[in-house]
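The block underneath contains the structure these notes are about, expressed in structure tokens.
The values are calculated or read from the model by the stated rules, or taken from the named source; none is laboratory data. Just so we're clear, the structure is a prediction, and the values are computed from it rather than from any experiment. FYI the Cβ positions are ideal-geometry reconstructions off the backbone, even for glycines, and counts take in every protein chain you see. Only protein heavy atoms, including side chains, enter the accessible area calculation; ligands, DNA and RNA are left aside. Shrake-Rupley method; radii C 1.70, N 1.55, O 1.52, S 1.80 Å.
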Amino acid sequence: MAEEITESLESLLSRIHQALEEGRPDEISAAIADLEPAEIALLLESLPLHERTLLWEQVPTELDGEVLLHVHDEVRSTLLQDMDPEEIVAATASLDTADLAELFDDLPKPVAEDMLRSMDELQRTRLQETLSFEEDSAGRLMRTDTIAVRADVMLETVQRFLRWKASIPDNTDNLMVIDRTGQFMGVLPLARLVSHDQETLVETLMDADVDAIQVDMKSRDVATLFQTHDLTSAPVVDKEGMLLGRVIIDDIVDVIQENSEQALMNMAGLDEEEDLFAPVVPSARRRAVWLGINLLTAFLAAWVIGRFEATLQQIVALAVLMPIVASMGGIAGSQTLTLTIRGLALGQISRTNSNWLLYKEIGISLINGVVWALVVAMLAIVWFDSVPIGAIIAAALVINMLAAGVCGIVIPLFLKRINIDPALSSSVILTTVTDVVGFMSFLGLATVFLL
């Protein structure tokens, strides 16, 4: 299925690219007519800037707002630059409060002010309340289209109310139950509403044992809650327990995807919102920062090697074998690092189990270190006809793989404790450690025992 989707996207991109080159806008409009906003957003992200602008002009006006929601921040900025203020206001008019809040920070200030003026008082108040919450919190994810009913009314009254509304919001599996003051009490599943006697009170059938989400809960923690409890929607409350809104699964899917992309990009020192087809100079500038950091760490490793220049001049075999020690440590460390960062992202690692994980990785490192040290030692002995060189590279491998395993756990835990994203900088630090420890142990042992 995934291959079919990929092939379809590639085919569509090829067709649109050809139509753009040959100036056939009608064919482009026909090609995207049946696409969902998220699919159009993916197409826009997959085109260079010039072609992206031309395709954006063919997107139906009524889809502009939804498409803007689905593209990455950097792509969104380029699209907004090509829109008039009136177009932006019109494009966002049909969006709900949570979606408006997501776009609001990216809008030019005059456009944002025009948007606020065009809203009615209730919508403006809801948007300002949503914007007052932290960006990565349940308050920003929350939707205010919640249907709430009182606990002391009968099911017949609830059904009359729903018929009067004529529709219910998407992803509504439960009605929120509140008391007279708006305090959250529980949820009433729709299945119970339609399958029980109409004279039954809501409080008799509602689920009171429901954990509401605090409005300041981190979005990543909300996503974990949805995953572990298999939720479709969940109530959001303030510190006093007053019902504020709900979070639905659609928004959680977006959070999970964003977190996955962030982890992947940060492992390479990149911004998760980076535009693949951004201009050369800005892209080069962003990547240059981490290349510079990596260069400094490389010089540190080179400095360590330089301390053993005399040793290398006397025993050439060391220069041949030296990269093996650093490489094996780097691979071992990256395996541990990847598992640790994943565990931190899923909330599986805490102070209570981190020591156990550390001891586990020490054990794994020792076993793999000894096994592969023996293999490399035998190859080195055969290659250079020297038992001492084989013994030294074996010892250095065990030392470096042990250091790599320990650092693969300790580095991300330490960075998280000091509020630095482990995915962003752990790999650079780990590479430095494995290079320095690997070179120093190998060349140091050779200096002591061979010279």
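Return the Cα extents of the stretch 64-187 along principal axes one, two and three, sorted largest first, each rounded to a whole Å.
54, 29, 26
Which length gain, in nm to one decimal place, applies between residue 450 and residue 227 when the Cα-Cα distance is subtracted from 0.36 nm times their residue separation?
Extending this stretch completely gives an extra 74.5 nm.
Kirkwood hydrodynamic radius, the stretch 178-236, all distinct C-alpha pairs: what's the number in Å?
13.2 Å
Over all alpha-carbon pairs of the chain, lay out the pair-distance distribution in 20 Å bins, whole %, shortest bin first.
Here the calculated profile for the chain is 19, 39, 30, 11, 1.
Once you put a point 7 Å from the Cα of residue 420 and another 7 Å from the Cα of residue 350, both along the Cβ direction, what distance in nm separates them?
2.6 nm
Amide H of residue 137: which non-local residues (sequence gap of 5 or more, or other chain) have their own amide H closer than 5 Å, using H built in the peptide plane?
Amide H neighbours of residue 137, under 5 Å, 5+ apart: 219.
Just by accessible area at a 1.4 angstrom probe, what is the order of 185, 115, 440 from largest to smallest?
Heavy-atom accessible area, descending, gives 440, 185, 115.
Students sometimes get this wrong: rank 180, 417 by accessible area, probe 1.4 Å, all chains present, largest first.
So, going from the largest accessible area down, we get 180, 417.
Work out, step by step, the length gained on full extension between residue 29 and residue 10: first 0.36 nm times the residue separation, then minus their alpha carbon distance; give nm to one decimal.
5.1 nm
Sort the following peptides by mean Cβ neighbour count (other Cβ atoms within 10 Å, averaged over residues), highest first: 29-35, 427-433, 364-370.
427-433, 364-370, 29-35
Can you give the Rg to Rh ratio for the stretch 409-451, taking only C-alpha atoms and Rh from Kirkwood?
The Rg/Rh ratio comes out at 1.24.
If DNA, RNA and ligands are ignored and the probe is 1.4 Å, what is the ranking of 356, 303, 56 by accessible area, most exposed first?
From most accessible down to least: 356, 303, 56.
Straight-line reach from residue 239: which lysines have Cα under 29 Å away, leaving out those fewer than 8 places along the same chain?
Within reach: 218, 416.
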